[in-house]
Amino acid sequence: MKILSSVFLILLVFSFKLNAHQLSTAYLELTKSENEQLTLNGQWKVAVMDLEHVVEFDKNADDVITWQEIKNQKGAIHQYLVEKISAQQNNELCAINSEGDLKIDSHFNESYIVTPIHISCPNSQSFSINYSALFEVDANHKAISAIGNISRVFTLNEQTQIFSFDETSYLETFVEYVQQGILHIWMGTDHILFLIALLLGCVLVRKQGQWQRVESKKQILVDTAWIITAFTLAHSMTLTATAMNIISPNTRWVELGIALSVLFAAINNIWPMIIRLGWITFCFGLLHGMGFASVLGELGLSNEYQLMSILAFNLGVEIGQLVILAICLPLLMLLRNNSWYKKAIMPAGSVLIAIMAIQWSIERF
């Protein structure tokens, strides 16, 4: 009974985690022009379904949001923007407005409202932006900002960011992009679940048509090292090639391919088709690298240290990946000692991952 309760609890927690894939993300993109004042012009891009939580678009309650309904709420969108986004310089508020027409854009197969935003500060010194939009309805919301060659991420715990257009040092740029790489892998649930799906089978071996525990811890570490190395080499190659514009993949098909890779890894645990996963992991890693690069493209590359920015971001991804590995692998090695791991946890966990992967595949198709 205790075992069944433990299995139920683990799967329940795991299922809650699965629901966190669709993270709410907005984009704050600004360019600067300097006269006597510092002027920033750009746009705030936010998903229609996110903004609908705080600005009521569907007035007729027909569960369909039309472009006209969005335009009718332009004043409410403006009011919300100026309440939730502010800039400050030398303890004085900068002027901010959203004059201009609304637009619609598609981002990762989701409709986004593009709202103009204009900020004027007294001088060209460093300034800060406070961003508090949507945190009241989604604590996991984040906003990726790109101002010139400076990238920042606003989160619930980091709502204020300082921007300075002084020349950024090599070390500051390196640390910033490493942090963004770590942040992305930890927020990219599809990447995490792909790794977990692979790791679920690393502590087992297929014998006589049945999964059996791997007795040797050394063998588990060797098998895991091969898989992680193949994944790392592959996504490092395509991340670098895509970020440097050597290849230009279609984002929609890349995201669909990533979802399908997660689905395959999960199904392969239930109905094994490929036992030696090194080469297939390498192939799927190429897709995941292109996905990493799309995020790096949104953040923007440092003008002064472009190659270093790519390498630092990639290093951050690897650090984040190793942390996940360090947490999951010892736990799975411990769980494999119980017969219910191969009978319940591994197949049930794989089914849950497969269900989420199917949902992502449908959404991204």
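The values are calculated or read from the model by the stated rules, or taken from the named source; none is laboratory data. Remember, predicted model here, so these are calculated numbers, not experimental data. We place every Cβ from the backbone using ideal geometry, glycine too, and count neighbours over all the protein chains shown. SASA here: full protein model, heavy atoms, side chains in, ligands and nucleic acids out. Shrake-Rupley method; radii C 1.70, N 1.55, O 1.52, S 1.80 Å.
Looking at segment 148-159, I want the residues that are at pLDDT below 75 and have a partner that is assigned to a loop (DSSP other than H, G, I, E, B) and of a type in the set (S, T, N, Q) with Cβ atoms under 8 Å, at least 6 apart or on another chain. Which pairs are those?
Going by the 8 Å Cβ cut-off, the qualifying pairs are Asn149/Thr168; Asn149/Ser302; Asn149/Asn303.
Given Asp63, Asp105, which one is at pLDDT below 90, charged (D, E, K, R) and assigned to a strand (DSSP E or B)?
Asp105
One residue is enough: does segment 184-196 have a residue meeting the conditions more than 21 Å from Val351 (Cα to Cα), within 20 Å of the chain's Cα centre (by Cα), open to solvent by less than 20 Å² (accessible area, probe 1.4 Å) and of a type in the set (A, V, I, L, M, F, W, C)?
Yes, that holds for at least one residue.
Assuming Asp105 fulfils every condition listed in (1) among the acidic types (Asp, Glu); (2) exposed (fewer than 15 other Cβ atoms within 10 Å of the Cβ); (3) over 30 Å from Asn123 (Cβ atoms); (4) over 26 Å from the mean Cα position of the chain (by Cα) apart from one, which condition is it?
(4)
Could you grab me the full set of residues in segment 87-102 that are open to solvent by 40 Å² or more (accessible area, probe 1.4 Å) and not hydrophobic (A, V, I, L, M, F, W, C)?
Gln88, Asn90, Asn91, Glu92, Asn97, Glu99, Asp101
Answer yes or no as to whether Ser339 is of a type in the set (Gly, Ala, Ser) and modelled with pLDDT under 90.
The answer is yes for Ser339.
Among the residues of segment 248-277, write down those that are assigned to a loop (DSSP other than H, G, I, E, B) and either open to solvent by 50 Å² or more (accessible area, probe 1.4 Å) or touching a His at 6+ places or on another chain (Cβ under 6 Å) (or both).
Hits for segment 248-277 are Ser248, Asn250, Trp271, Met273, Ile274, Ile275, Arg276.
Scan segment 108-151 for residues that are farther than 15 Å from Lys32 by Cα, open to solvent by less than 20 Å² (accessible area, probe 1.4 Å), in contact with a Leu (Cβ under 8 Å, 6 or more places away or on another chain) and not in a loop (DSSP other than H, G, I, E, B) and jot them down.
Those that are farther than 15 Å from Lys32 by Cα, open to solvent by less than 20 Å² (accessible area, probe 1.4 Å), in contact with a Leu (Cβ under 8 Å, 6 or more places away or on another chain) and not in a loop (DSSP other than H, G, I, E, B): Ile113, Val114, Thr115, Tyr131, Ala143, Ile144.
Could you please let me know if Ile77 is closer than 26 Å to Gly316 by Cβ, surrounded by 13 or more Cβ atoms within 10 Å (Cβ to Cβ) and either among the β-branched types (Val, Ile, Thr) or touching a residue at least 40 places away in the same chain (Cβ under 8 Å) (or both)?
no
So, of the residues in segment 353-365 that are farther than 25 Å from Thr232 by Cα and either modelled with pLDDT of 90 or more or assigned to a helix (DSSP H, G or I) (or both), which turns out to be most open to solvent (accessible area, probe 1.4 Å)?
By that ranking, first place goes to Ile362.
Which members of segment 206-224 meet the condition of being open to solvent by less than 50 Å² (accessible area, probe 1.4 Å) and either farther than 13 Å from Met333 by Cα or in contact with a Cys (Cβ under 7 Å, 6 or more places away or on another chain) (or both)?
Gly209, Trp211, Ile220, Thr224
Considering each of Ile246, Ile220 in turn, give the residue that is in contact (Cβ under 8 Å) with a residue 24 or more places away in the chain and either more than 13 Å from His288 (Cβ to Cβ) or not small (Gly, Ala, Ser) (or both).
Ile220
Being of a type in the set (S, T, N, Q), under 30 Å from Ala259 (Cα atoms), open to solvent by 70 Å² or more (accessible area, probe 1.4 Å) and modelled with pLDDT under 95 is true for just one of Gln22, Gln37. Which residue is that?
Of Gln22, Gln37, the one residue that is of a type in the set (S, T, N, Q), under 30 Å from Ala259 (Cα atoms), open to solvent by 70 Å² or more (accessible area, probe 1.4 Å) and modelled with pLDDT under 95 is Gln22.
Which numbered condition in (1) surrounded by 20 or more Cβ atoms within 10 Å (Cβ to Cβ); (2) in a helix (DSSP H, G or I); (3) modelled with pLDDT under 85 is the only one that Phe231 fails?
Tallying (1) surrounded by 20 or more Cβ atoms within 10 Å (Cβ to Cβ); (2) in a helix (DSSP H, G or I); (3) modelled with pLDDT under 85, Phe231 fails exactly one: (3).
Give the residues of segment 46-60 that are open to solvent by 20 Å² or more (accessible area, probe 1.4 Å) and outside any loop (DSSP other than H, G, I, E, B), sorted by residue number.
Met49, Asp50
What is the one condition in (1) surrounded by 17 or more Cβ atoms within 10 Å (Cβ to Cβ); (2) within 20 Å of the chain's Cα centre (by Cα) that Leu332 does not satisfy?
Here Leu332 clears every test but (2).
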